[in-house]
Amino acid sequence: MDMVQKTILINVPVSAVWDTLTLSPFVQQWTYDTPIQIKTDWKVGSTIVTSGDLHGIPFRNSGIILAFDPNVKFSYTFLSSLSNLADTDENHCLLEFDLSYENKQTRLDLFISNFPDDVIRKHLELYWGPTLELIKEQTESRHRQT
């Protein structure tokens with residue numbers, strides 16, 4: 001199976017990174033440069049929907065939460081309305097965030113798989129490199145202020 005894997009070390013406790021990934025006010029800071037709405041109850045099997053307006057184009061990203069193990073693992077399926085693909089299982093990518101604590105740093109591993117096409121694969125691979133850096137910067141900055 002084709003998979004993209006990205007890893008980043010973040011100089012904060014695991015719980016701070018978990019909050020950045022799962023608390024709506026923090027998710028807002030690293031996802032888009034415009035406000036978004038996040039709708040979910042953060043339970044396994046529940047839907048997760050983010051929506052908003054990206055440079056004048058409305059979008060809706062949807063999926064199902066597959067794993068939600070606080071401070072350890074968060075995974076969900078993902079389909080963006082911007083892809084213009086049908087909302088079927090085979091068109092949903094799978095995103096998995098694994099967290100661990102090593103040498104006073106949090107290791108965040110991201111695995112992305114189940115790409116419906118190569119364009120989406122390339123887009124997500126490009127998007128998540130700088131996004132993980134943003135997650136690192138914003139989490140470390142917030143942690144320094146506490």
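The values are calculated or read from the model by the stated rules, or taken from the named source; none is laboratory data. In this text, all values refer to a predicted model and were calculated from it rather than measured experimentally. FYI the Cβ positions are ideal-geometry reconstructions off the backbone, even for glycines, and counts take in every protein chain you see.
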What residue, among those in region 28-68 that are among the aromatic types (Phe, Trp, Tyr) and modelled with pLDDT of 85 or more, is farthest from the chain's Cα centre (by Cα)? 59
Which pairs do you get when a residue that is farther than 19 Å from residue 83 by Cα, found in region 122-134, comes within reach of a residue that is surrounded by 14 or more Cβ atoms within 10 Å (Cβ to Cβ) and aromatic (Phe, Trp, Tyr), reach meaning Cβ atoms under 7 angstrom, with the pair 6+ apart or on two chains? 131/30; 134/30
Got at least one residue in region 76-91 being among the charged types (D, E, K, R) and modelled with pLDDT of 95 or more? no
When you look at residue 105, is it out of contact with any strand residue (DSSP E or B) (no Cβ under 9 Å at 6 or more places or on another chain) and not hydroxyl-bearing (Ser, Thr, Tyr), yes or no? no
Quick check on region 78-85. Is at least one of its residues out of contact with any Lys or Arg (no Cβ under 6 Å at 6 or more places or on another chain) and without any contact (Cβ under 8 Å) to a residue 12 or more places away in the chain? yes
State which residue pairs qualify: first residue within 15 Å of residue 18 (Cα to Cα) and inside region 49-76, second residue of a type in the set (Lys, Arg) and in a strand (DSSP E or B) in any location, beta carbons under 8 Å apart, and separation of 6 or more residues or different chains. 67/73
Scanning region 6-27 for residues that are outside any helix (DSSP H, G or I) and modelled with pLDDT of 95 or more, the one nearest to residue 111 (Cα to Cα) turns out to be 6
Residue among 59, 74 that alone is aromatic (Phe, Trp, Tyr) and either touching a Lys or Arg at 6+ places or on another chain (Cβ under 9 Å) or farther than 21 Å from residue 99 by Cα (or both): 59
